[in-house]
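K.L.:
Once you've had a glance at the structure underneath, I'll fire off some questions.
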């Protein structure tokens, strides 16, 4: 069954005394590209970020383009949309146009009130407790699900820097971003990130600190399995035509419509069950 849209029904969204609320995504996709009205000087941190800017409709965006033969824009767009669809909090994304360059870029919006990198690091590196001192399932269940999602999409580079934390009163929102290192071409196979990859090494560190929830991890696999091809097609139709060829888009849709991701999900389910992928 498809994942419920009711946050209270999602273990991904509720963990212990904290609630993860994936409200960074817009309710409706932008029908037209946003224009970069102000380009800020300097280059922000992030290997694939080309520039950051203010858009003509407000909001600061970190912008990426394709390079070195990598389809970064299409990969980021599809996987950010997919992550949000199955319940992860992700920054709002948009197509950003730099008019005088005649190009469009993938834009990831700066969240309103991110915690500092020091606070984020402290949060991720400190086991969380409930009010009475007992261990909290937050953020262990969430991190378990994100780890499985990263394995599925072949994201080998989920470092501690690829998280954002918003703290508003008693509510903590942990946001995942940066899917540029993922492999869309690998979705038909059963090759996953390995022990030497950042995603696996950091995953082990976070499991040591926060525990691991096999039930929550398997739930992510169930949600991926339940995503209809029409949803994937909708995400692909929202991106500019020059980000990915029509043949490539059709091939990705077929992964879901013809259940070609089934063997990958089966291998992932098995690897989580016998802990060979942990």
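K.L.:
Please work out the Cα center distance from segment 228-278 to segment 120-163, rounded to the nearest Å.
P.N.:
24
K.L.:
What is the log10 of I(q)/I(0) for segment 113-273, computed with the Debye formula using one identical point scatterer on each Cα and no solvent, at q = 0.12, 0.19, 0.21 Å⁻¹?
P.N.:
-0.60, -1.26, -1.40
K.L.:
Determine the relative contact order of segment 84-192: mean sequence separation of Cα pairs under 8 Å and six or more apart, normalised by residue count, in whole percent.
P.N.:
The normalised contact order for segment 84-192 reaches 27 percent.
K.L.:
Quote the relative contact order of the chain in percent (integer), defining contacts as alpha-carbon pairs under 8 Å separated by 6+ residues.
P.N.:
It comes to 21 percent, rounded to a whole number.
K.L.:
Report the residues of segment 98-138 in range of a label on residue 39: point 7 Å along Cα→C-beta, backbone N strictly under 17 Å from it.
P.N.:
Under cut-off, by backbone N: 98-108.
K.L.:
Who wins for biggest fluctuation among 236, 205, 160 in a Gaussian network model of the chain, springs between alpha carbons below 10 Å?
P.N.:
In this elastic network of the chain, the residue with the biggest mean-square fluctuation among 236, 205, 160 is 205.
K.L.:
Let me ask something additional. At 222 nm, what helix-only mean residue ellipticity would the chain give, in deg cm²/dmol to the nearest 500, using -39500 (n - 2.57) for each DSSP H run of four or more?
P.N.:
Estimated from H runs of four or more residues: -10500 deg cm²/dmol.
K.L.:
For labels at residue 119 and residue 238 in the simple 7 Å Cα→Cβ model, what's the distance in nm?
P.N.:
According to this spin-label approximation, the distance is 2.8 nm.
K.L.:
Between residue 126 and residue 183, what length in nm is gained on full extension when 0.36 nm per residue of separation is reduced by their alpha carbon distance?
P.N.:
Taking 0.36 nm per residue and subtracting the Cα distance, the gain is 17.4 nm.
K.L.:
A further question on this structure: Express in nm, to one decimal, how much length is gained between residue 260 and residue 168 on full extension, taking 0.36 nm for each residue of separation and deducting their alpha carbon distance.
P.N.:
So the chain would gain 29.0 nm between residue 260 and residue 168.
K.L.:
Further, regarding this structure: Compute a Gaussian network model of the chain, connecting alpha carbons closer than 10 Å, and tell me which residue from 189, 69, 203 fluctuates the most.
P.N.:
Looking only at 189, 69, 203, the biggest GNM fluctuation is shown by 69.
K.L.:
Turning to a different aspect of this structure: Extension gain residue 32-residue 247, at 0.36 nm per residue separation less the Cα-Cα distance, in nm?
P.N.:
75.1 nm
K.L.:
Go ahead and set up a Gaussian network model of the chain, Cα springs under 10 Å, then flag whichever of 67, 85, 121 fluctuates most.
P.N.:
Result for the chain, Cα springs under 10 Å: 67 fluctuates most.
None of the figures in this text is laboratory data; all of them are computed from the coordinates on show. Just so you know, these numbers come straight off a predicted model, no measurement behind them. Every residue, glycine as well, gets a Cβ built from its backbone with ideal geometry; the counts of neighbours run over all protein chains shown.
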